[in-house]
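First up is the structure itself, then whatever we jot down about it.
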Amino acid sequence: MNIVLFSGSFSPVHNGHVYLVKELLKNMEVDQVWLSVTPLNPLKKASNVWPLEFRKNLIRKAFTSTPNVVLTEIEETLQFPLYTIHTLLALQDKYPEHSFSLLVGEDNYRNITKWYRYKDLLDNFSLYVFPREDMAAVSDLPEMTSHNIQWLKSPMINVSSTEIRNKGKLNEPIGHLIPYCIEKDIVDYIHKEITPDE
């Protein structure tokens, strides 16, 4: 099978993530999308990342009705620090019968030359890149024409996990940014963060 890895903090998962996965499955020659909830991204502050099991449960609920989506826990078996190339190589080693690709955002793609062993990643794995409306022209992107890179052409939903966390802390509505099935979980968690038990 052609499997695309979508790895991230997902703190929390939101409508943009769900829409993106559905568009990828619908418009590209992809059999499954495997979501990997990163325990801790080397480039993110731990204070901005919610508990791992909570984020995983949100993922399970958000994609319950979406076929061909799998939650993989591969990164929980790897040593820190976690890097994308390690995750992909571990998946390839564990599931040699499958072909793995990587889904990244345009913002991450712009910084790909700063990634750990990025040349090995590009030499061995295909990339699907989704554009961001707030990004500059494609001509400003790193030149990687010799590699198998495909751009998604679907319009993107402009929403971020940071926006959801910030709005939640201010008691602003977030229901339009996240799947309905996880709204209460997220609101309750944010409220508990703000007013922890004595």
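Computed from the coordinates by the stated procedures, all read-outs in this text should not be read as laboratory data. Computed from a prediction, not measured in an experiment: that's the story for all the values here. With ideal geometry, Cβ positions are generated from the backbone for all residues, glycine too; neighbour counts draw on all protein chains shown.
Below are the figures for this structure:
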| read-out | value |
| --- | --- |
| Spacing of the two label points (7 Å from each Cα toward its C-beta) at Leu71 and Asp188, in nm | 1.5 |
| Gln32-Leu78 FRET efficiency (beta carbon distance; Förster radius 25 Å; 0.05 resolution) | 0.75 |
| Entries of Lys94/Lys192; Lys153/Lys184; Lys153/Lys192; Lys61/Lys94; Lys114/Lys192 with Cα pairs more than 28 Å apart | Lys94/Lys192; Lys153/Lys184; Lys153/Lys192; Lys114/Lys192 |
| Label point distance in nm, Glu97-Ser154, each placed 7 Å from Cα along Cα→Cβ | 2.8 |
| Paramagnetic reach from Asp123 in the range 74-94 [backbone N under 18 Å; point 7 Å along Cα→Cβ] | 84-90, 92-93 |
| Cβ-based exposure ranking for Trp151, Trp115, in which fewest neighbours within 10 Å come first | Trp151, Trp115 |
